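Asker: Can you read through this structure? Questions will come right after.
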Ligand code: SF4
Ligand code: SF4
């Protein structure tokens, strides 16, 4: 059997054995909150994976569905006394199931979309033109709702509008900075590129303010994370390799992303699910991971002085920790930036580090459960009395906006960089 044909679960067999079924993971699992069933929690996933590996369980729709009920948020990994890497196990189990049963139609379609930047661009263009036919505007916001129900969307969901022109197309590949200042490659990510282009603009404004040279590689692709939801690891690997080659073209000090999810893919998941099994790529992916930083982390590191970005009115703000920043230990840097910004009053919400319920395509595949998870988050935000909630992930922004709108709340959802960039005083 060639290395590529080994059951992906075989590779995590030792990790599976580390689970002592203590159940400590139940307390923190958002999927358990939503489904209230043992198979949804990490312990249940590990047991299910053991059965799939032992080949003593039917590989039917129920098994596939049970394994899809995980947001890959990593809360169980943080809290597990035995260091069981449940997220890695779930990814391997999904791949194993996909190899044995094939991808679902939904996940195969996701793979086709994320595989090709050109296809995505075309889709975004069509969506931005035809949007008004299918969507109605939500008053007082830049968001939309479908005029009639459609699979996986419904009419409740609040959807941000697609940008007319993608962020990457609006900028040159190299934006020169001051001599001697850091050179930064910007991993933009699909949500920033096609939806929240303002987040990209804010990122540029802040790093230009610091005199950095910014490189926006034109050949960058989707990070591939949506492919992990359905076990389409072939697509994830393909995209990881393409992004690796693209970012290796440039001599830079940092690879920076303002999207927690994309940064999480480059920093943690590429080495974990691609590098581990590919000795040829391992070293190069590790080198890419080492250079990868979150934008808020880098702004702190480079000494952004928020008193220079501190113009503007007073605002009471709360902060939501994206899972893919929490798992990388980036929690204090965004808070420090907010606390140091004149006029900003940071008020902590209860459970700031709890998942918002997005979980990649979990939010599409299990929309109602995703909003059940989000309920607690929306309530916690509203209870702070904040005028705005800041975060570091465009995916979380979409989910938080949807939840807050459904709670009838007008709390503004912003990326932390938008908040900082709005206040930059001209030099
Ligand atoms: S995954 Fe960790 S916390 Fe959960 S049951 Fe197993 S050993 Fe306990
Ligand atoms: S990764 Fe998150 S959703 Fe999945 S089992 Fe662990 S705590 Fe639950």
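The values are calculated or read from the model by the stated rules, or taken from the named source; none is laboratory data. Predicted model, so just to flag it, every value in this text is computed and none were measured. Methodologically, a virtual Cβ is constructed for each residue, glycine included, from the backbone with ideal geometry; neighbour enumeration extends over all protein chains shown.
Asker: Since residue 47 meets every condition but one in (1) touching a residue at least 12 places away in the same chain (Cβ under 8 Å); (2) in a helix (DSSP H, G or I); (3) closer than 24 Å to residue 264 by Cβ, which condition does it not meet?
Answerer: (3)
Asker: Can you give me the number of residues within region 390-425 that are farther than 20 Å from residue 304 by Cα and assigned to a helix (DSSP H, G or I)?
Answerer: Number of matching residues: 13.
Asker: Out of 269, 299, 281, report the one residue that is at pLDDT below 95 and crowded, with 23+ Cβ neighbours inside 10 Å.
Answerer: 269
Asker: If you scan region 62-86, which residues turn out to be away from ligand 1 (no atom under 11 Å from the Cβ) and assigned to a helix (DSSP H, G or I)?
Answerer: Listed by number, the residues that qualify are 62, 63, 64, 65, 66, 67, 68.
Asker: When you check residue 59 against the structure, is it within 20 Å of residue 351 (Cα to Cα) and part of a loop (DSSP other than H, G, I, E, B), yes or no?
Answerer: Taking the combined requirement at face value, the residue does not satisfy it.
Asker: Among the numbered criteria (1) in a strand (DSSP E or B); (2) surrounded by fewer than 22 Cβ atoms within 10 Å (Cβ to Cβ), which single criterion is violated by residue 177?
Answerer: The failed condition is (1).
Asker: Of the residues 59, 72, which single one is closer than 22 Å to residue 323 by Cα and in contact (Cβ under 8 Å) with a residue 40 or more places away in the chain?
Answerer: On the way: 59 fails: closer than 22 Å to residue 323 by Cα.
Being closer than 22 Å to residue 323 by Cα and in contact (Cβ under 8 Å) with a residue 40 or more places away in the chain holds for just one of 59, 72, which is 72.
Asker: Looking at region 304-322, is at least one residue part of a helix (DSSP H, G or I) and in contact with a helix residue (DSSP H, G or I) (Cβ under 7 Å, 6 or more places away or on another chain)? Break it down into steps so the answer makes sense when it comes.
Answerer: Here is the first cut: in region 304-322, the residues part of a helix (DSSP H, G or I) are none.
The answer is no; no qualifying residue exists.
Asker: Go over the candidates 16, 48, 59, 9 one by one and state the one that is in contact with a helix residue (DSSP H, G or I) (Cβ under 9 Å, 6 or more places away or on another chain), within 15 Å of ligand 1 (Cβ to nearest atom) and more than 27 Å from residue 374 (Cβ to Cβ).
Answerer: The unique qualifying residue is 16.
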